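> Sharing a structure below in structure tokens format, with a few things to ask.
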Number of protein chains: 2
Amino acid sequence: MALLDQPVLILGVGGVGRALVRHIVAARARHAARNRLRLRVVGLVDSRSAVLDQQGFSDEALLAFVACKEQGLPLASENPHWRVADLPARTIVVDTTASEATVPILLEAKARGLGVVLANKLPLAGPLAWWDALADERSRWETTCGAALPVISTLDTLLNSGDDVLRIEGALSGTLGFLAAQLEQGAPFGAAVREAKTKGYTEPDPRQDLSGLDAARKALILARMLGYRLELRDVAVEALYPAEMDALSVEQFLDAVDTLDEPMRARAAALTREGQTLRYVATIGDGCVRVGLVGVSRESTLGRVHTSDSVVVFHTRDFSDNPLTISGRGAGQAVTASGVLGDIVSLAQALC
Amino acid sequence: MALLDQPVLILGVGGVGRALVRHIVAARARHAARNRLRLRVVGLVDSRSAVLDQQGFSDEALLAFVACKEQGLPLASENPHWRVADLPARTIVVDTTASEATVPILLEAKARGLGVVLANKLPLAGPLAWWDALADERSRWETTCGAALPVISTLDTLLNSGDDVLRIEGALSGTLGFLAAQLEQGAPFGAAVREAKTKGYTEPDPRQDLSGLDAARKALILARMLGYRLELRDVAVEALYPAEMDALSVEQFLDAVDTLDEPMRARAAALTREGQTLRYVATIGDGCVRVGLVGVSRESTLGRVHTSDSVVVFHTRDFSDNPLTISGRGAGQAVTASGVLGDIVSLAQALC
């Protein structure tokens, strides 16, 4: 039987985009046998350059582009003009960036009826108008919340089933999970932040993690799937540093972060007074979304999961005493790329 | 926009089938809004009787059939003749029975290109020829393993992604989880079995649970998805009673089960000698499937989950240190019916 030919355009050739290209090449035999599918990569695009070919690139060419980017070289000698209108019919546009700059491309792709796969959470956590345009049955966004953990697909299935989703709780930030565990063990907050940065757990500017905004965006996406008409500003977010420190440079912040040792120690102690364990948790329910430090029982579902895991707990009518819980590695470029590839296959089957 | 009209035939009007009918009726508004879908129930069939109408029954009629069955009455005054060939095009045939008697119907439905949703695990755990005919992209079988827990869909996505599934571990029997917990707490085995039966955790003949065959069938389905060409007889199953006791009546077995107290106490003690906790676990990996009692560390992923939960742990290349874990209620008629409805919606979208 002939293989279904599926054109794919990849936006972003950073760590996730490059791992995705390698996964696509490595999975060719599997996709042919399991899915009767052949993914035809018709373009790689980043902020500086782009290579496009409607016929699709050979695997050798794709791996060469990836190797080229890895050495810090642009994809092509110049940035060619390209237009969404020129993409083949039924193309799936895959956004592996972490930028809002892709939104005009995504909106145009949707307007043309193309498929969209997002690892980039910014478009779905932006204005509700973007959400309304992007989040439909011709899009997939599994990796915007907990990387390849099947959080989005599970929520989608719950919403399609006869069940009622009552509340969702999630520990969705590996970085903040690490810091919560360090605080609980009595480590000074400033030292813990510097250790997280040294270990590569944080963004170059750790305040991007400490602000809680990344966890808030993930929670907002889940809330919008539940039908909550909220904007990011409606999410109650507990940042782990005071707003005044936003004015500092990264170096100044890292020098000053030890001043937070005592207030953070006191906050952690207050939250864990009853022998509870400390987590940075998103809670979605009753029309509200909150993200912040909480103390939870060690016997609770959230409290039993290792702090290095991401975890999402769905409390539903049918999953009440025994909530549906998904946990495991919730970050990383390779696992995110795997999740993106799963989304591409799922969407290719839905579009055909 | 017009709703997609999806014909559905339901085999089995027991607890799951009746809950499914109620879920379909209750979810009409949701399916119209979220999925632009209307499920047209064209038939209810059980072993004694059947009602079929190509136009689809009204919700009032469907609820009346369910109420009728609940009172122990047949669906219709006589068992009408019906044929798969007469079902509308694109019908989804849903098997909520626990019987192999449906297999000829399912095979004929597949031969006609109809969709199939299985809550019944017997057809997929039967001869490989049945598996090959039934387990394709026009079928769904989420609830054959852990009820509505997203085990099957997650494995399917992992297989489509760039990841490699190395090993799957699962505690997939609520009944055997309960017994393992009782044994660990020092309860005599015979008393624990009678308590499980009294609480309704077991089949009327508890040996059906104690044989481990139900867990073995679930494990076999996961193994076959991994490409293992195994039959049920190839699964290494630890039964919790000796084969000689198969000759007894249920009453004789319940009288004699106390003779197992000492051997089971010794087995549990041996397995938990290092302070481990006792679980009844299926392990799928390296081409083999084993199902039986094991001792696991209390700090392990399996050991951390409550024994009243079902749990499946996927060890993959990308989910190595932090395996992908799904846990929660893994049995029950209402939650199974919800999972079946999720499958019907998923398949309706794929077939259209």
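Readers should treat all values here as calculations from the given coordinates under stated rules, not as data from a laboratory. All of these numbers come straight from a predicted model, not from anything done at the bench. So basically every Cβ, Gly included, is an ideal-geometry build from the backbone, and we count neighbours across all protein chains shown.
> Quick one: label points 7 angstrom along Cα→Cβ at residue A:186, distances to the other copies in nm, smallest first?
Those label-point separations list as 3.4 nm.
> The range A:9-63 to the range A:300-352: how many Å between their Cα centroids?
Using only Cα atoms to place each centre, the spacing works out to 25 Å.
> Helix A:151-160 sits at what angle to the longest principal axis of chain A, using alpha carbons and giving 0 to 90 degrees rounded to 10?
It is inclined by approximately 80 degrees.
> Please identify which residues in the range B:193-221 have an amide N closer than 12 Å to a label point set 7 Å out from the Cα of residue B:248, following the Cα→Cβ vector.
B:193-194, B:206-207
> For residue B:275, which inter-copy label distances result when the label point lies 7 Å beyond Cα on the Cα-to-Cβ vector, reported in nm to one decimal and in ascending order?
1.8
> Moving on. How far apart, in nm, are two points set 7 Å out from the Cα along the Cα-to-Cβ line at residue B:266 and at residue B:38?
My value for the distance between the label points is 6.7 nm.
> Then there is this: With each label point set 7 Å from Cα along the Cα-Cβ vector, what nm distance links residue A:164 and residue B:111?
Between residue A:164 and residue B:111, the label points sit 4.5 nm apart.
> Show me the GluC sites (Glu not before Pro) within the range B:1-108 that DSSP assigns to loop and that have at most 11 other Cβ atoms within 10 Å of their Cβ.
On the way: sites: B:60, B:70, B:78, B:100, B:108; in loops: B:78.
The qualifying sites are B:78.
> Now for a separate question. Report the gain in length on full extension from residue A:306 to residue A:290: 0.36 nm times residue separation, minus Cα-Cα distance, nm rounded to one decimal. Could the numbers behind the result be given before it?
Working: separation 16, 0.36 × 16 = 5.76 nm, distance 2.16 nm.
My answer for the length gained is 3.6 nm.
> Here's another thing I want to ask about it. How much mean residue ellipticity at 222 nm does chain B get from its helices, if each DSSP H run of length 4 or more adds -39500 (n - 2.57) and you divide by all residues, to the nearest 500 deg cm²/dmol?
-11500 deg cm²/dmol
> Straight-line reach from residue B:110: which lysines fall under 20 Å, measuring Cα to Cα and dropping same-chain residues less than 8 apart?
Output for residue B:110: B:121.
> The range B:229-309: which trypsin sites (Lys or Arg not before Pro) are DSSP loop and have at most 15 other beta-carbon atoms within 10 angstrom? Could the numbers behind the result be given before it?
Working: sites: B:229, B:233, B:265, B:267, B:273, B:279, B:290, B:298, B:304; in loops: B:229, B:273, B:298.
Passing sites in the range B:229-309 are B:229, B:273, B:298.
> What's the percent breakdown of Cα-Cα distances in the protein assembly as shown across 10 Å bins, shortest bin first?
3, 14, 23, 25, 20, 10, 4, 1, 0
> Going through the range B:57-152, which trypsin sites (Lys or Arg not before Pro) have at most 11 other Cβ atoms within 10 Å and a DSSP loop state?
Here the trypsin sites (Lys or Arg not before Pro) that fit, given the DSSP loop and packing criteria, are B:83.
> Between residue B:185 and residue A:199, what FRET efficiency follows from the Cβ-Cβ distance if R0 is 51 Å, with the result rounded to 0.05? Don't skip to the end; give the middle numbers.
Numbers: r = 41 Å, r/R0 = 0.80.
Rounded to the nearest 0.05, the efficiency is 0.80.
> Taking a label point 7 Å out from Cα toward Cβ, give me the nm distances from residue B:229 to the same spot in the other copies, shortest first, one decimal.
5.8
> Report, in whole Å, the centroid distance computed from the Cα atoms of the range A:254-293 and the range A:173-209.
Using only Cα atoms to place each centre, the spacing works out to 13 Å.
> Let me ask something else. For chain B, state the average projected area of the convex hull of the C-alpha atoms over all orientations, rounded to one decimal in nm². Before the final figure, lay out the partial values.
Details: hull surface 76.0 nm².
Orientation-averaged projected area of the Cα hull: 19.0 nm².
> Rg to Rh for the range B:160-328: what is it, with Cα atoms only and Rh by Kirkwood? Walk me through the intermediate numbers first.
Values: Rg = 16.3 Å, Rh = 16.6 Å.
Rg/Rh for the range B:160-328 comes to 0.98.
> By how many degrees, between 0 and 90 and to the nearest 10, does the Cα long axis of helix B:333-351 differ from the longest principal axis of chain B?
Tilt of helix B:333-351: around 50 degrees.
> How many percent of Cα pairs in the range B:1-154 exceed 18 Å? Walk me through the numbers on the way to the answer.
Numbers: 6846 of 11781 pairs.
Cα-Cα pairs in the range B:1-154 separated by more than 18 Å: 58 percent.
> Pairing the Cα long axis of helix B:174-184 with the longest principal axis of chain B, what angle in degrees results, from 0 to 90 and rounded to the nearest 10?
10
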